[in-house]
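The values are calculated or read from the model by the stated rules, or taken from the named source; none is laboratory data. In this text the structure is predicted, and so the values were computed from the model without any measurement. FYI the Cβ positions are ideal-geometry reconstructions off the backbone, even for glycines, and counts take in every protein chain you see.
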Amino acid sequence: MEYWNKGDRVGVDLKDYSHWQGAGPWRDREQWLKLGRPHFRMYERLCLVTSTKRPLRRAVEWGPGGGANAIHFTDEVDEFCGIEIAQASLDECKRVLSEAGFESFRPVLISAEAPEQALELAGSQYDFFLSTYVFELLPGKRYGERVLSVAYTLLRPGGLAIIQIRYDDGSERSRQKNIDYYRHAARFTSYSIEEFWTLAQRIGFRPEYVTLVPEHIDEYAGDLYAYFALVKPGSEERAREK
Ligand SMILES: C[S@@+](CC[C@H](N)C(=O)[O-])C[C@H]1O[C@@H](n2cnc3c(N)ncnc32)[C@H](O)[C@@H]1O
């Protein structure tokens with residue numbers, strides 16, 4: 001999408017918004033590390049809850065930006081794949097991982113119109129799928145559903161996913177904007193908790209639990225975040241369901 005590649009020409013601080021180390025508030029490396037650390041803890045917890053043996057070998061992130069999540073997985077996985085619509089962010093992610101001594105980053109550039117391209121370009125049989133601070137930026141609920149279906153296919157049976165969305169609790173302020181992307185990118189798409197839960201089920205996931213994180217930075221800005229912990233049922237489980 002134009003915004004994530006050319007937005008800086010009209011004043012969008014793309015490096016800051018894409019969570020690049022050194023940009024805006026991420027000049028402080030500890031602040032930058034703080035972005036992804038809780039997501040790594042969520043991954044650890046989901047492994048524990050599902051009795052999934054660690055370390056997992058292959059992880060994939062949808063919209064890794066400058067690698068603020070990926071940096072926490074360098075001692076955990078053998079391969080980390082990043083699926084992006086911005087080549088500059090893939091380059092930056094690769095750079096910070098390489099600086100940390102991790103050379104097994106797999107950059108996958110897709111066209112924003114076709115999230116399904118990831119199926120051909122990224123391979124399959126991933127153990128873990130992650131996406132944070134991305135679903136609210138997607139251009140609509142239907143698009144999010146397409147990404148969720150791709151996530152399901154990228155995972156192996158028994159694979160795990162953590163996906164964060166901005167949720168709508170029925171209040172005016174939490175409602176998705178869905179208009180004027182340049183003005184409302186970070187609040188463009190929201191789902192109710194039940195809506196995303198049943199969507200994940202419809203696609204085939206087994207939602208394990210959801211963690212709610214209403215943001216209260218300064219005054220309440222209407223940003224309610226939910227992290228869905230999902231499992232792609234294993235072959236035995238699916239056989240039982242039939
Ligand atoms: C706010 S940053 C989040 C970065 C990282 N996930 C994190 O939590 O630090 C959003 C990222 O999503 C990417 N992005 C936006 N739309 C996308 C899409 N349709 N598919 C994949 N990535 C997308 C942007 O290029 C940007 O790097």
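Observations on the structure shown:
- Looking across Cys81, Cys47, one residue alone is within 23 Å of Gln117 (Cα to Cα), in contact (Cβ under 8 Å) with a residue 12 or more places away in the chain and out of contact with any helix residue (DSSP H, G or I) (no Cβ under 6 Å at 6 or more places or on another chain). It is Cys81.
- Residue check for Phe135: under 14 Å from Gly63 (Cβ atoms), within 11 Å of the ligand (Cβ to nearest atom) and of a type in the set (Phe, Trp, Tyr): yes
- Subset of the stretch 10-57 [within 16 Å of the ligand (Cβ to nearest atom) and among the charged types (D, E, K, R)]: Asp13, Lys15, Asp16, Arg27, Asp28, Arg29, Glu30, Lys34, Arg37, Arg41
- Of all residues in the stretch 155-164 being more than 13 Å from the ligand (Cβ to nearest atom) and not basic (Lys, Arg), the one that is nearest to Asp180 (Cα to Cα): Ala161
- Neighbours by Cβ (under 7 Å, 6+ apart or cross-chain): first from the stretch 96-118, farther than 23 Å from Gly22 by Cβ; second at pLDDT below 95 and surrounded by 13 or more Cβ atoms within 10 Å (Cβ to Cβ): Ala112/Met1
This table checks each residue for (1) free of Cβ contacts under 8 Å to residues at least 24 places away in the same chain; (2) part of a strand (DSSP E or B); (3) farther than 14 Å from Phe129 by Cα; (4) in contact with a Leu (Cβ under 6 Å, 6 or more places away or on another chain).
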site: Tyr143; (1), (2), (3), (4): no, no, yes, no
site: Ser149; (1), (2), (3), (4): no, no, no, no
site: Gln164; (1), (2), (3), (4): no, yes, no, no
site: Arg173; (1), (2), (3), (4): no, no, yes, no
site: Ala186; (1), (2), (3), (4): no, no, yes, no
site: Trp197; (1), (2), (3), (4): no, no, yes, no
site: Thr211; (1), (2), (3), (4): no, yes, yes, no
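- Only residues that are under 15 Å from the mean Cα position of the chain (by Cα) and assigned to a loop (DSSP other than H, G, I, E, B) were counted in the stretch 119-138, giving 4.
- Taken together, Glu136, Glu113 contain a single residue that is buried (at least 18 other Cβ atoms within 10 Å of the Cβ), among the acidic types (Asp, Glu) and under 24 Å from Tyr3 (Cα atoms), which is Glu136.
- Total residues in the stretch 62-118, condition under 18 Å from Leu35 (Cα atoms), in a loop (DSSP other than H, G, I, E, B) and within 11 Å of the ligand (Cβ to nearest atom): 7
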